[in-house]
Amino acid sequence: MKKWLLAGTLIMSAALLGACSQETEGEATEQKTLVMGTSADYFPYEFVDTANGDAIVGFDIEIAETITERLGYELKIEDMDFGSLLGALNSGRVDFVMAGMTPTEERKENADFSDIYLSATNLIMTKDESLQAIEDLSGKKIGVQTASIQENIAKEQAPDAELVSLNKIPEIVQELNTGRIDAMVIEDTVAQKYLDQDDSFYTFALKEDGEKGSAAAFKLDDELRDQFNEELNKMMESGEIDELVKKWFSMEPTE
């Protein structure tokens, strides 16, 4: 009888240890996965590779994949509207954000940012050759991405224009193509795709103060920012970022 009792006790203990092991393993797996929020409409930073299924790829994606791997994490990508990204970060839905985002003073109130990893200039893009300066946009309809730096620039520099805010860059370009808006504010690196495809577009650069360029966003006081930033700086110093710029910003769009 004692042998049977002992055997039963050992079986129960093994089962409990197995359950604990599985639970611990599950927790470890969860802790080893970082969720990145992005808005996959921003070629070549992040976009859906329609030629090869629905995978999200791009300049930001490859940087994130490289850094998270070096830090020992798996990477999961959540695609959402640009205007929802910092809200998702603060609510804990994502661990960090990479979406060609500029660290403005307003955004710094709700998030900590990495160093700038790519500088860029904002442009006015239009099909009306008579629009050659910001003053020419008075009374015109200007398309901008909702909650973007470009939206703020348009509000500040063209206060007499009518802003049309939309979620996706391709939607704004479509509005411009159909004549429902007169111009749009767009980053030069993103505009290049459309300029290459259509020589009827015209552009001029906008004057800007403060930081320009893209950085990754993290929760306030999150140690992950410093870990990420360390690896990011290694990539910049080694020339890896320059190589990725050559790779992604010379690529032809698939759509």
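If you go through segment 157-193 one residue at a time, how many are in contact with a strand residue (DSSP E or B) (Cβ under 7 Å, 6 or more places away or on another chain), of a type in the set (Ser, Thr, Tyr) and modelled with pLDDT under 95? So the answer is 0.
Of all residues in segment 147-174, those that are more than 23 Å from Pro103 (Cα to Cα) have Cβ atoms under 6 Å from Cβ atoms of residues that are among the polar types (S, T, N, Q) and modelled with pLDDT of 95 or more, 6 or more apart or on another chain, in Asp160/Ser138. Here Phe204 meets the list (1) surrounded by 12 or more Cβ atoms within 10 Å (Cβ to Cβ); (2) assigned to a helix (DSSP H, G or I) almost entirely, failing just condition (2).
Selection of first residues in segment 66-85 that are within 22 Å of Ile241 (Cβ to Cβ) and of second residues that are open to solvent by 40 Å² or more (accessible area, probe 1.4 Å) and modelled with pLDDT under 95, restricted to Cβ pairs under 7 Å at least 6 apart or on distinct chains, gives the following pairs, ordered by first then second residue: Gly72/Lys32; Tyr73/Lys32.
If you go through segment 197-204 one residue at a time, do you hit one that is of a type in the set (A, V, I, L, M, F, W, C), more than 23 Å from the chain's Cα centre (by Cα) and within 26 Å of Pro103 (Cα to Cα)? The answer is yes, given that some residue of segment 197-204 is of a type in the set (A, V, I, L, M, F, W, C), more than 23 Å from the chain's Cα centre (by Cα) and within 26 Å of Pro103 (Cα to Cα). Does segment 141-178 hold any residues that are among the β-branched types (Val, Ile, Thr), open to solvent by less than 10 Å² (accessible area, probe 1.4 Å) and not in a helix (DSSP H, G or I), and which are they? Scanning segment 141-178 gives Ile142, Val144.
The values are calculated or read from the model by the stated rules, or taken from the named source; none is laboratory data. Owing to the predicted nature of the structure, the values given are computational and were not obtained by experimental measurement. All Cβ positions, glycine included, derive from the backbone under ideal geometry; neighbour counts span all protein chains shown. To get the accessible areas, we keep the full protein, side chains included, count just its heavy atoms, and leave off ligands, DNA and RNA. Shrake-Rupley method; radii C 1.70, N 1.55, O 1.52, S 1.80 Å.
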